[in-house]
Structure formats: C-alpha cells, structure tokens
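Peer 1: Got a structure for you, written out below as structure tokens; questions coming shortly.
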Amino acid sequence: MRKQGMQLASKMRFISAQYLAYFRNDLWKACASHSNSMANLLADHLKNIPEIRITQKVESNGIFVIMPDEIAKKMQQHYFFYPWNEKTSEYRLMTSWDTQKEDIEGFISLLLQEFKNH
C-alpha cells in the first residue's frame, strides 16, 4: 500500500517547469513592467476625463477610479472589472501582461462614448 503523499514530489516537476520558464531571462520582470506601463497609459487617459477621479496613486497594474455607476454598468458589458467600494462607486481597473495599447484605446473610446450618450 502506498502512502498518499509519496507521489507529491514526482508531481512537483510539472509545477517547477512553469516557474523555471517564468524566472528565466527575467520573463516575470518583462510581464510586470508591461502591465505597469499599460496601467500608467490607462491612468494618463483617465486623468483627461472630468467625470472620472483616480483615487489611488498608480504604482502597479491597478487603477482605482470613481465613476458613475450607470456608466460602469454599461462598460462592464464590454470589459471585465468590478466594484472596489460600492458605497463610493469606486472601481478597480487592472491591466496585465497581455494588455495592448489598442485595448486601452478601445476602453477609453467606449467610455467617452458612454459619457456622451449619458
């Protein structure tokens, strides 16, 4: 009869392979830098929209904003984000390693259109 934990060590090589690729040649740093860069780009665009208020300093790939709930609900039909503080209409917007400038531009374009239609 085998002990239940005996196969755990042999399975670790599959998990380790992912980490090896992630840390090799600073892939983790490239992914994080890109995510943060896209967050700064998004924040720069959001700063130009008077109806939006950025509530936290942008120091990573997250942007915290206050926007009207009606606008947020319409935007959520096209983009995934969620409320951070429902009482204050604060939302958390995130970028990632695969966020592209076109994604940011599309989000801002739709956001401006929603404000125009509002």
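Peer 1: Can you give me the long-range amide H partners of ASN61? Hydrogens built in the peptide plane at 1.01 Å from N, cutoff under 5 Å, separation of 5 or more residues or another chain.
Peer 2: Here nothing satisfies the definition.
Peer 1: Through the Karplus equation 6.51 cos²θ - 1.76 cosθ + 1.60, θ set to phi - 60°, convert the phi angles of region 15-21 into ³J(HN,Hα) values in whole Hz; use x for Gly and Pro.
Peer 2: Using θ = phi - 60°, the values come out as 5, 4, 4, 5, 5, 4, 5 Hz.
Peer 1: Which of the listed residues, TYR22, ILE49, PHE115, is farthest toward the dipole's positive end in the chain, when Lys, Arg count +1 and Asp, Glu count -1 at the beta-carbon?
Peer 2: Working it through, the farthest residue towards the positive pole turns out to be TYR22.
Peer 1: Would you mind counting up the charge near GLN76? Only other residues with Cβ under 15 Å from its Cβ, with Lys and Arg at +1 and Asp and Glu at -1. Display every interim value, and only then the final one.
Peer 2: Values: positive: LYS73, LYS74, ARG92; negative: ASP69, GLU70, GLU86, GLU90, GLU114.
Its environment carries a net charge of -2.
Peer 1: Between GLU70 and ASP98, what length comes free when the chain is fully extended (0.36 nm per residue of separation minus the Cα-Cα distance, one decimal in nm)? Could you put the intermediate results ahead of the total?
Peer 2: On the way: separation 28, 0.36 × 28 = 10.08 nm, distance 2.79 nm.
Contour length minus Cα-Cα distance gives 7.3 nm.
Peer 1: Continuing with this model, one more query. Each residue of region 31-46 in turn: what ³J(HN,Hα) in whole Hz from Karplus with 6.51, -1.76, 1.60 and θ = phi - 60°, glycine and Pro shown as x?
Peer 2: Whole-Hz 3J(HN,Hα) from phi for region 31-46: 5, 5, 4, 5, 4, 5, 4, 5, 5, 5, 4, 4, 4, 4, 5, 5.
Peer 1: A further question follows. Please find, in a Gaussian network model of the chain (springs between Cα atoms separated by less than 10 Å), the residue of ARG24, ARG53, ARG92 whose mean-square fluctuation is greatest.
Peer 2: Largest GNM mean-square fluctuation: ARG24.
Peer 1: Choose one answer from SER96, SER35, SER16: the residue with the largest mean-square fluctuation in a GNM of the chain with alpha-carbon springs under 10 Å.
Peer 2: Of the options given, SER16 has the highest mean-square fluctuation.
Peer 1: Separate question: Once you've got the GNM for the chain with C-alpha springs shorter than 10 Å, pick whichever of GLN77, GLN18, GLN100 has the biggest mean-square fluctuation.
Peer 2: The residue that fluctuates most here is GLN18.
Peer 1: Within a 10 angstrom radius of the beta carbon, how do GLU86, GLU105 rank from fewest other beta carbons to most?
Peer 2: Working: GLU86 10, GLU105 13.
In order of increasing Cβ crowding within 10 Å: GLU86, GLU105.
Peer 1: Please give the charge dipole size of region 29-117, origin at the Cα centre, charges +1 on K and R Cβ atoms and -1 on D and E Cβ atoms. Round to the nearest 20 debye. All intermediate terms of the calculation are to be shown ahead of the outcome.
Peer 2: On the way: 10 positive and 12 negative charges, 35 e Å.
In total the dipole reaches around 180 debye.
Peer 1: Can you work out the Karplus-derived ³J(HN,Hα) for every residue in region 93-106? Use 6.51 cos²θ - 1.76 cosθ + 1.60 with θ = phi - 60°, whole Hz, and x for glycine or proline.
Peer 2: The phi angles translate into 9, 10, 10, 9, 4, 10, 5, 10, 4, 5, 5, 5, 4, x Hz.
Every read-out reported here was derived from the displayed coordinates using simple, explicitly stated rules and does not represent laboratory data. Remember, it's a predicted structure, so these values are computed and weren't measured experimentally. A quick note on method: Cβ atoms are made from the backbone with ideal geometry, for glycine too, and the neighbour counts reach across all protein chains shown.
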